[in-house]
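To keep things clear, I will list the structure first and then write my remarks on it.
The values are calculated or read from the model by the stated rules, or taken from the named source; none is laboratory data. Keep in mind that this is a model prediction, so the values were computed, not measured. Virtual Cβ from ideal backbone geometry, glycine too; neighbours counted across all protein chains shown.
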Amino acid sequence: MSLASVVISASPQPKTPLSPGKKRTLVVDDSPTILHAICSLLEHQEIVEVVGRAESGAETMDAVAELRPDLVLLDADMPGMSGLRASLLLSQSFPETKVVLMSMDTTPQFRKACAGCGAYAVIYKPKFLSEMAKLLQEGPSQDWVKSIPRGRRKLLA
């Protein structure tokens, strides 16, 4: 499935701030080293409760069905089922679960693709901890909301 077909068939999630309290979080990355580093940071900083880990899109779907986390931190660029595809499926199958994509890509085209796949937000991996803390406190940035196609913005208010 091409990225274009994923974006076209997506329906956006409302971009309301996350409710107070520690979020039950599933962390997903295809690199075991990055996965361990992210989970260690989150556990050390105590900003979320890490309830599970996964290394692929398929594992993500199974873990969300079993664990019902509040939040999924998902690597956007994974082999097999990409994070964008997994985000689309999660937003359709588990709309109560917020998906935050993590990536090294900051281009406007990538951000629009993420918004089209139902992601709640995108975090730039090199600034992971600061962007994650800000997201939990304030919700998605105005830059993120502006990356959502105009026709969909009113659905998010």
* To do: Output the number of residues of the stretch 55-64 satisfying the condition of being within 18 Å of residue 23 (Cβ to Cβ) and not hydroxyl-bearing (Ser, Thr, Tyr).
  => 2
* Give the residue that is modelled with the lowest pLDDT, with candidates limited to residues of the stretch 77-125 that are closer than 17 Å to residue 60 by Cα and among the aromatic types (Phe, Trp, Tyr). => 120
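Could you count how many residues in the stretch 18-34 are among the hydroxyl-bearing types (Ser, Thr, Tyr) and either within 15 Å of the chain's Cα centre (by Cα) or at pLDDT below 95 (or both)? Step through it out loud before you land on a result.
Within the stretch 18-34, the subset among the hydroxyl-bearing types (Ser, Thr, Tyr) is 19, 25, 31, 33.
Narrowing further to those that are either within 15 Å of the chain's Cα centre (by Cα) or at pLDDT below 95 (or both): 19, 25.
Going through the stretch 18-34 one residue at a time, the tally reaches 2.
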